[in-house]
Amino acid sequence: MNLISRNTFNNEQDSVLWNRIAWRLLPFLFVLYIIAFLDRVNVGFAKLQMAADVGLSDMAYGFGAGVFFIGYCLCEIPSNLMLQRVGARFWITRIMITWGLLSVSMMFVQTPTSFYILRFLLGMAEAGFYPGVVLYMTYWFPAYARSQGMAWFNLGIAMAGVLGSPLSGWIMQTFAGVHGLAGWQWLFLLEGTPAVLMGIVVFFYLDDRPGKVHWLTPAQNERVVQHLAEQQQEHEAAGAGHNFRAAFVNKGLWCLIYVNFALLCGTYGVSFWLPQIVQSLGVKSLFHTGLIAAIPFAVASVVMVLVSRHSDSTRERRWHGTFCNLASALGLAIAAFFHDQPVLSLGGLSLAMSGGLAGFCVLWALPGVLLTGTAAAAGIALIATVGNLGGYASPFMMGWIKQSSGHLEYGLYVLAIMTLIGAWVMSSVKPPSAQSVGAMPQPSTI
């Protein structure tokens with residue numbers, strides 16, 4: 001089975017080579033992202049029990065869930081620049097171990113203030129993981145195959161929802177009261193520990209860059225390095241910026257920043273509040289809540305892979321991203337309008353999540369085309385930094401609207417409008433040249 005479609009390449013040798021790289025890296029990165037996104041899924045489930053224990057109102061929960069992204073954003077750019085300097089293996093190890101320890105520490109929350117502080121520190125610890133992996137992808141995959149690489153990585157978001165939602169519900173329901181700990185405390189303990197363990201594995205498994213890796217032949221190592229170097233030269237010749245300043249003056253990059261912001265508002269707005277949305281449909285059991293909450297993520301996991309393959313095979317990014325934003329906006333509006341009809345509302349949420357996650361795959365294939373070198377590292381982090389403010393804004397906004405009006409669906413309408421604007425902005429993004437987006441490589445011998 002090819003993780004990167006054979007149609008992406010114009011010869012069998014390149015297909016074999018980059019699929020070998022894909023099989024080495026993508027399943028492992030996929031598992032890491034499942035672990036990372038569990039932090040986003042489990043806090044929504046923990047709220048179902050910990051709100052009463054800790055004294056969290058809807059607005060306080062929304063603020064605490066979102067303050068994670070303030071710490072995240074403050075450290076994002078420095079983290080990505082550090083990764084480029086010291087290497088992905090060491091830096092991702094550091095990120096995972098520190099965030100795992102802080103995630104486990106969430107079990108000791110006793111007041112809203114301690115909830116806010118630990119969420120803020122958790123964001124600082126995890127900062128740089130996602131943009132770091134995006135940057136890491138540019139070290140290994142050519143631009144014309146990167147959307148599929150990002151799809152398999154982003155599949156971790158969907159699988160964290162598919163697996164994490166029922167798992168979180170089961171842990172809270174099964175372990176409540178064991179050894180004097182509440183179900184939500186066991187949730188943070190059991191779902192935070194894997195990050196520490198996998199952080200250690202990262203140090204021994206990942207290679208910083210291609211060139212001398214033992215799992216490729218010398219000829220394959222040379223082919224990867226040579227082809228990616230040639231592509232970088234083409235991007236620079238087409239107008240892609242290389243230095244640090246170029247990241248901040250690139251108009252296309254600022255368009256991607258807003259699109260990422262809008263998509264993250266929709267994705268996190270749904271993710272953090274999905275357990276409450278499901279329970280508002282009349283579901284009472286925590287385990288059944290988890291199973292139903294997994295449905296939008298399961299649908300999205302299929303859609304995002306199909307969309308990314310089509311985007312890579314057609315060498316087209318702008319309109320794929322535009323239509324993904326439109327689909328997400330439509331899904332959010334459907335979920336809000338039919339909030340009192342469970343099947344239609346869940347269908348809307350599935351469409352919203354599918355459009356949002358597929359949109360990420362297409363969007364994150366573009367920064368390495370618009371920018372190269374230090375500018376790419378800073379630009380990728382800048383997109384993630386400003387974009388992730390959506391992770392702060394949308395949960396807080398949803399909590400404020402629900403507490404003020406009693407109608408959670410009003411928040412979904414706001415998210416739909418923001419994502420609709422994102423579709424318009426995405427339609428204006430133009431890479432330096434068609435060739436630099438995904439020109440087919442020339443035949444070569446490995």
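A compact table of results
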{"quantity": "Subset of segment 414-444 (residues that are assigned to a helix (DSSP H, G or I), at pLDDT below 65 and not hydrophobic (A, V, I, L, M, F, W, C))", "calculated": "Gln435, Ser436, Gly438"}
{"quantity": "Flag if His227 is over 30 Å from Leu346 (Cα atoms) and at pLDDT below 80", "calculated": "no"}
{"quantity": "Enumeration of residues in segment 314-324 that are in a helix (DSSP H, G or I) and not small (Gly, Ala, Ser)", "calculated": "Thr314, Arg318, Trp319, His320, Thr322, Phe323, Cys324"}
{"quantity": "Criterion violated by Val283 - all others in (1) part of a helix (DSSP H, G or I); (2) surrounded by fewer than 24 Cβ atoms within 10 Å (Cβ to Cβ); (3) modelled with pLDDT under 75; (4) touching a helix residue (DSSP H, G or I) at 6+ places or on another chain (Cβ under 6 Å) satisfied", "calculated": "(1)"}
{"quantity": "Pairs with Cβ under 6 Å, 6+ apart, first in segment 298-313 and part of a helix (DSSP H, G or I), second polar (S, T, N, Q) and surrounded by fewer than 18 Cβ atoms within 10 Å (Cβ to Cβ)", "calculated": "Arg309/Ser5; Ser313/Asn7"}
{"quantity": "Index of the failed condition, Arg209 passing every other in (1) out of contact with any Gly (no Cβ under 9 Å at 6 or more places or on another chain); (2) at pLDDT 80 or above; (3) among the basic types (Lys, Arg)", "calculated": "(1)"}
{"quantity": "Segment 68-83, residues that are modelled with pLDDT of 85 or more and crowded, with 17+ Cβ neighbours inside 10 Å", "calculated": "Gly71, Cys75, Ser79, Met82, Leu83"}
{"quantity": "Yes/no for Arg315 being in contact with a Ser or Thr (Cβ under 8 Å, 6 or more places away or on another chain), surrounded by fewer than 24 Cβ atoms within 10 Å (Cβ to Cβ), over 18 Å from Met353 (Cβ atoms) and of a type outside the set (Ser, Thr, Tyr)", "calculated": "no"}
{"quantity": "Inter-residue pairs, beta-carbon under 6 Å, first on the phi < 0 side of the Ramachandran plot and in segment 345-361, second aromatic (Phe, Trp, Tyr), 6+ apart", "calculated": "Ser345/Phe338"}
{"quantity": "Count of segment 99-136 residues which are hydroxyl-bearing (Ser, Thr, Tyr) and under 19 Å from the mean Cα position of the chain (by Cα)", "calculated": "3"}
{"quantity": "Selection status of Leu357, surrounded by fewer than 24 Cβ atoms within 10 Å (Cβ to Cβ), in a helix (DSSP H, G or I) and among the aliphatic types (A, V, I, L, M)", "calculated": "no"}
{"quantity": "Candidates Phe188, Phe204 - the one that is modelled with pLDDT of 90 or more, part of a helix (DSSP H, G or I) and surrounded by 15 or more Cβ atoms within 10 Å (Cβ to Cβ)", "calculated": "Phe188"}
{"quantity": "Matching residues in segment 84-97 - criterion: being of a type in the set (Phe, Trp, Tyr) and crowded, with 20+ Cβ neighbours inside 10 Å", "calculated": "Trp91"}
{"quantity": "Neighbours by Cβ (under 7 Å, 6+ apart or cross-chain): first from segment 6-17, of a type in the set (Lys, Arg); second modelled with pLDDT of 80 or more", "calculated": "Arg6/Ser15"}
{"quantity": "Lone unmet requirement of (1) crowded, with 21+ Cβ neighbours inside 10 Å; (2) more than 18 Å from Ala22 (Cβ to Cβ); (3) among the small types (Gly, Ala, Ser) for Ala176", "calculated": "(1)"}
{"quantity": "Criterion (in contact with a helix residue (DSSP H, G or I) (Cβ under 8 Å, 6 or more places away or on another chain), surrounded by fewer than 22 Cβ atoms within 10 Å (Cβ to Cβ), part of a helix (DSSP H, G or I) and acidic (Asp, Glu)) met by exactly one of Asp53, Asp39", "calculated": "Asp53"}
{"quantity": "Residue list for segment 1-19, restricted to those being surrounded by 18 or more Cβ atoms within 10 Å (Cβ to Cβ) and part of a helix (DSSP H, G or I)", "calculated": "Thr8, Asp14, Ser15, Leu17, Trp18, Asn19"}
{"quantity": "First in segment 83-96 and on the phi > 0 side of the Ramachandran plot and among the hydroxyl-bearing types (Ser, Thr, Tyr), second anywhere and surrounded by fewer than 20 Cβ atoms within 10 Å (Cβ to Cβ) and assigned to a helix (DSSP H, G or I), Cβ under 7 Å, 6 or more apart", "calculated": "none"}
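Yes/no matrix, rows are residues, columns are (1) over 21 Å from Leu256 (Cα atoms); (2) of a type in the set (Val, Ile, Thr):
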| site | (1), (2) |
| --- | --- |
| Val299 | yes, yes |
| Leu306 | yes, no |
| Ser313 | yes, no |
| Ala327 | no, no |
| Ala333 | yes, no |
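The values are calculated or read from the model by the stated rules, or taken from the named source; none is laboratory data. Source: prediction; values computed, not measured. In this analysis, Cβ positions are derived from the backbone assuming ideal geometry, glycine residues included, and neighbour counts consider all displayed protein chains.
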